[in-house]
Amino acid sequence: EPKIKIGIAGYGNLGKGVEYAISQQPDMELVGIFSRRDPSSVHPVGDSVAVYPLADVEKYVEDVDVMILCGGSRSDLPEQGPALAKLFTTVDSFDTHAKIPEYFDALDEAAKPAGTTAVLSVGWDPGLFSLNRLYGESVLAEGATYTFWGKGLSQGHSDAVRRIDGVKNAVQYTIPSEEAVEKVRAGEQPELSTREKHVRECYVVLEEGADAATVEETIVTMPDYFSDYDTTVSFINEEEMQKNHSAMPHGGFVIRSGKTGNGTKQVMEYSLTLDSNPEFTSSVLTAYARAAFRLNKSGQHGAKTVFDIPTGLLSPKSAAQLRKELL
Ligand code: NDP
């Protein structure tokens, strides 16, 4: 069996994580990294890994089976997703939940006529958490679903803050409310507002001369990202940032609390504890690259989400092997 040939578009945290993840997959090989930056300024972990200008990507259509898109959700993917889906079967981790329907449409429009398959919004949330919300809702038809995040650093939210004018560096932590979690685990099915479930904490390093009040206002009022939460913003210097905020832990849980029969309590929980959010997300992207490759080969073109993909396609094992070993 020839190996699945993978390209990486964009080399940040996810790009690096994908490079590592591919080396753990028996049936994949890395063709190269495609970056908007000068290739000589991009330094892959592996010495022999090639870096090409993203502008030349069209030349590699025959060399790459699946392009794993590792750009940011806020401004990279809305552009790069549809453009690259015209050329390659793609996988991405687009995580602006409110904009997933329109992003799906843009990818579907690009991929269908091109005969490619564009798998969007995989990772852990959206991604594995989405699947677990679906399992919960489908199995416990009467009940309530809860998603808690953290404590952890949110890539998408940190990214959004870093792109604000006047911001030099920033991190954002999401913290679940202990009280809310306990009630949910006890099967109480409380009604929780967005504000009651989590708080968001931002640590920001300003550019020289930037106005702190303006930056703070831009953060706390940002739609989709912050406007529905109690957000605190702390301004720190670069040294404190490097010392106290360099790790990228995350995690959380999806809980479905429901009742069956004559009022019998049932609680389902799926939990993740991640020392590195990007390395984990990259590992999910890489498993879905296999599914994307197989879907495309079987003639399933257009945009696909985790809900559209049979789970067995994620595994390098055959269906027969999976029945024997994991069922
Ligand atoms: P980064 O900011 O590290 O990278 C984003 C892009 O920025 C890269 O593709 C790269 O493009 C460019 N870049 C990276 N480093 C540099 C640099 N030193 N100088 C200039 N440009 C640089 O983002 P992450 O990889 O951490 O995350 C990407 C997205 O993943 C997030 O926006 C988030 O939405 C999503 N995500 C989704 C999750 C999920 O569960 N679905 C979970 C975690 C993240 P280029 O090489 O072309 O310059």
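The values are calculated or read from the model by the stated rules, or taken from the named source; none is laboratory data. The model shown is predicted, which means the values in this text are computed figures rather than measured ones. In this analysis, Cβ positions are derived from the backbone assuming ideal geometry, glycine residues included, and neighbour counts consider all displayed protein chains.
Overview of values
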read-out	value
Among residues of the range 288-313, those that are farther than 18 Å from N132 by Cα and of a type in the set (D, E, K, R), counted	3
Sole residue being farther than 30 Å from E269 by Cα, within 11 Å of the ligand (Cβ to nearest atom) and more than 14 Å from the chain's Cα centre (by Cα), chosen from S75, S40, S48	S75
Inter-residue pairs, beta-carbon under 7 Å, first within 12 Å of D65 (Cα to Cα) and in the range 281-302, second of a type in the set (S, T, N, Q) and surrounded by fewer than 21 Cβ atoms within 10 Å (Cβ to Cβ), 6+ apart	none
Strands (runs of 3 or more DSSP E) wholly inside the range 213-327 containing at least 3 residues that are surrounded by 20 or more Cβ atoms within 10 Å (Cβ to Cβ)	250-260, 302-304
Conditions (1) at pLDDT 95 or above; (2) surrounded by fewer than 23 Cβ atoms within 10 Å (Cβ to Cβ); number of the one not met by G123	(2)
Residue match in the range 15-35 (condition: among the acidic types (D, E), within 23 Å of L314 (Cα to Cα), within 15 Å of the ligand (Cβ to nearest atom) and surrounded by fewer than 24 Cβ atoms within 10 Å (Cβ to Cβ))	yes
Residue within the range 1-12 that is over 17 Å from S283 (Cβ atoms), part of a strand (DSSP E or B) and of a type in the set (K, R) present	yes
Residues of the range 126-148 classified as touching a helix residue (DSSP H, G or I) at 6+ places or on another chain (Cβ under 9 Å), of a type outside the set (S, T, Y) and more than 16 Å from V91 (Cβ to Cβ), total	4
Filter result (buried (at least 17 other Cβ atoms within 10 Å of the Cβ) and in contact with a Ser or Thr (Cβ under 9 Å, 6 or more places away or on another chain)) within the range 46-63	V51, Y52, L54
Yes/no for G10 being touching a Cys at 6+ places or on another chain (Cβ under 6 Å), closer than 25 Å to S154 by Cα and of a type outside the set (S, T, Y)	yes
Search result, residues across the range 40-74 that are small (G, A, S), closer than 23 Å to V119 by Cα and out of contact with any helix residue (DSSP H, G or I) (no Cβ under 9 Å at 6 or more places or on another chain)	A55
The lone exception for F88 - which of (1) farther than 17 Å from V284 by Cα; (2) surrounded by fewer than 19 Cβ atoms within 10 Å (Cβ to Cβ) it fails	(2)
